[in-house]
1. For a quick check of your reading: which strands (runs of 3 or more DSSP E) sit entirely within the stretch 87-174 and have at least 1 residues that are touching a Lys or Arg at 6+ places or on another chain (Cβ under 9 Å), surrounded by fewer than 22 Cβ atoms within 10 Å (Cβ to Cβ) and modelled with pLDDT under 85?
2. Restricting to the stretch 46-81, count the residues that are touching a Pro at 6+ places or on another chain (Cβ under 8 Å) and surrounded by fewer than 19 Cβ atoms within 10 Å (Cβ to Cβ).
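The values are calculated or read from the model by the stated rules, or taken from the named source; none is laboratory data. Being a predicted model, the structure only gives us computed values, none of them experimental. Neighbour counts run over all protein chains shown; Cβ positions are idealised from the backbone, glycine included.
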Amino acid sequence: MQMKKLIIIALIFMLFLLPVQAFADMAEGDMIITLGENLTDDQKNLLLAEMKAPEDAQIITVSNAEEHQYLGNYIAKSLIGTKAISSSAITVGKEGSGLEVETKNINWVTDEMYINALITAGVKDASIYITAPTSVSGTAALTGIIKAYEISADTTIPEDVKQAANEEMVETAELGETVGQENAAALIAKIKEEIAKNKPETDADLRAIIEQAAKELGITLTEEQIQSLIDLFNKIKNLDIDWNQVGDQLNQAKDKISKFLESEEGQGFLEKLKEFFVSLIDAIKALFSK
């Protein structure tokens, strides 16, 4: 459990695509539910019980057509499928509480993907639980969370923002297939941080940032991957983003991680990590002494 919390904290580095605001018309503790349209009544009731949804929770239905509308340009139709199944519960937290994500039965959309979608939609200070009755890709829940924000905040997210966010999520996933999901997430976060600091103006500037970030993280990129990232971040940097705020948020995330590691829980995690490595070294020593 401690490991999961630390991973979630680390994923904060992926949160900073756009300036954020909380659900405009919802108060702390309020919950909004998104349900896949193709769930059976029994499955809906099961998931609502699993989410501990109150009777007055606002419920939004997500269709398979909406999944294809949001993600069809970037994800194979076979991966999106023909049914909307995955669902989510978003509980508004107190100001400054941050985001927490927990998933169950989701096999394709990662925590990083969900978090990026939420931040792109301008969501902060919420607890998000994403689930399905069986193992599914999770694209319906991703679509639902964005839709939930639009409805609950009575606003429309610009289409170019949605498209750029979705493209980034898919780009991260595809990059993760060759360099590892954690490396891909760290690379994207590092590039954002450098864009916030240095405000690149040309493709050459972007290339330099991408190549330096990859070098610092020990990641080897192909020319095709570099060009793909240049194209992606050209789109992102041309959106209406306050990059000074992006940089500030990244620094706040670092502070959060530091505070966690200094806490009793964080120290306990580090002690367990230390014990693991000590036992691993002892095992290696024993192996060579035979």
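1. On the way: elements: 87-92, 99-103, 126-131.
Ranges flagged: 99-103.
2. Qualifying residue count, the stretch 46-81: 1.
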